[in-house]
Every structure is written in structure tokens, then in C-alpha cells.
1. Are any residues in the stretch 162-176 surrounded by fewer than 14 Cβ atoms within 10 Å (Cβ to Cβ), over 16 Å from the mean Cα position of the chain (by Cα) and not basic (K, R), and if so, which ones?
2. Residue under question is L79, and the condition is that it be modelled with pLDDT under 75 and out of contact with any Phe, Trp or Tyr (no Cβ under 6 Å at 6 or more places or on another chain); does it hold?
3. From the list S67, S93, S97, S20, which residue is at pLDDT below 70, more than 30 Å from S145 (Cα to Cα), over 34 Å from the mean Cα position of the chain (by Cα) and surrounded by fewer than 10 Cβ atoms within 10 Å (Cβ to Cβ)?
4. Would you say V159 is surrounded by 14 or more Cβ atoms within 10 Å (Cβ to Cβ) and either within 13 Å of the chain's Cα centre (by Cα) or not charged (D, E, K, R) (or both)?
5. Restricting to the stretch 100-138, name every residue that is modelled with pLDDT under 90 and of a type in the set (V, I, T).
6. Please work out if V53 is modelled with pLDDT of 75 or more and surrounded by 10 or more Cβ atoms within 10 Å (Cβ to Cβ).
Amino acid sequence: MRVRHALFTALITLSILAVSLSPVPASSLWDNNGSLFEDRKASGLGDVVTVKVNENIKDSDEGKTTSTKTTDDNVNSGLGILDFIKAFGVGSSSSMSSSTKIERTKTINAIFTCLVVDVLPNGNMVIQGDRSLTSGSEKMNVRFSGVVRPQDVSHGNMVDSNRVANAEVVVSGRGVVSTTQRPGIIGQILKAIF
């Protein structure tokens, strides 16, 4: 019994010594992977890029059409056995003129925080950001996407929208205002026919 007790005590003592003599890794609050003066730019999947959207789009279409058609047909008096036919004439005239002018102006000023969703083989980043705004019964969804070169991303991970290739801003909405701005079904049918 004493031998077992002595063996048990020796085993526990050796275990405590083994644990206390093994090297313990020291950890620090300081991250050695970066520099104190480094401004880390977005470069990989999941990184965040802030896009300043300042887009002013002005579009103007104008069309004019003029068409005139005149027809005159005359039949002379009959001769011989057809002398009972009297001379007559038929004439018609039609003219059409139309003018159409459409001017559209769109201004979008916004700041989007986008995620890098893909990195192309040349290092360019595909970014995408979504915003959903709800006010009362109105819901507006805005999506911004495009391709950014790493050198165009400034300090603070910001880029202007005019530096984004294949930039696409899609604005869609649902609610009372968007429903009332759409013509009714009868208006749509009449517009399609005429």
C-alpha cells in the first residue's frame, strides 16, 4: 500500500514538473503583421470599399416626321358605244406631321459601402453594395456594382464612381407612389393599340 501511495505521489510530482517546464508561448496585444504607419487597402475577397457616387446624367431625344401624299385620278368621257359614261375625277390628299422631344435628367449622389465579391486574375476587384430603404409603405432598393483597380482605391478605402469600370446603379421601388405612377391596365392596352 505504501509503495502504491509513493508511486502515485511520484507520478503526480513528475506531471506537475513536466507541465511547469514546458515552454509557454507568449502572446502580445501588438499585431506584428502590420505597421504602425500602414494604411491597409482593400485587396481581397470580403474587403470593404466605400464608393462616392456622383453621377449626373442628361439625355435628350428629338424626332420630327413630315409626310404628304396627294392622289388625283380622272376618267374621261366614253366614246362610241360607251358615250353614256360621263367624265369624272377622284382626288385625295393626306398629310401628317409629328414632333417628339424627350429630355431626361438624373442625378445620383450617394455613398455606398461595397464588398469585394471577386478578385480578377489581374488584381482588379469586383465590388457590389446593396441598400434597402423603407419609409411607410414605400420600399426602395439600390444596388451598385462594378470593377475597381487597386491603385484607384485611396486612403480609407474610398473610390469615386467615375473610377469604377462597368459601374451599374440600379434603383427600384415598390409602394403607393410607384403604383400610382404606372398607368392602369386599360391605359396600357390603349397605349399599345394606338
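1. V176
2. Numbers: modelled with pLDDT under 75: yes; out of contact with any Phe, Trp or Tyr (no Cβ under 6 Å at 6 or more places or on another chain): yes.
So L79 fits the description; yes.
3. Numbers: S67 fails: at pLDDT below 70; S93 fails: at pLDDT below 70; S97 fails: at pLDDT below 70.
On inspection, the qualifying residue turns out to be S20.
4. Working: surrounded by 14 or more Cβ atoms within 10 Å (Cβ to Cβ): yes; either within 13 Å of the chain's Cα centre (by Cα) or not charged (D, E, K, R) (or both): yes.
Against the criterion (surrounded by 14 or more Cβ atoms within 10 Å (Cβ to Cβ) and either within 13 Å of the chain's Cα centre (by Cα) or not charged (D, E, K, R) (or both)), V159 qualifies.
5. Correct list: T100, I102, T105, T107, I108, I111, T113, T134.
6. Details: modelled with pLDDT of 75 or more: yes; surrounded by 10 or more Cβ atoms within 10 Å (Cβ to Cβ): yes.
Against the criterion (modelled with pLDDT of 75 or more and surrounded by 10 or more Cβ atoms within 10 Å (Cβ to Cβ)), V53 qualifies.
The values are calculated or read from the model by the stated rules, or taken from the named source; none is laboratory data. Treat the numbers as computed from the prediction; the structure is a model and nothing was measured. Cβ: placed from backbone, ideal geometry, glycine included. Neighbour counts: every protein chain shown.
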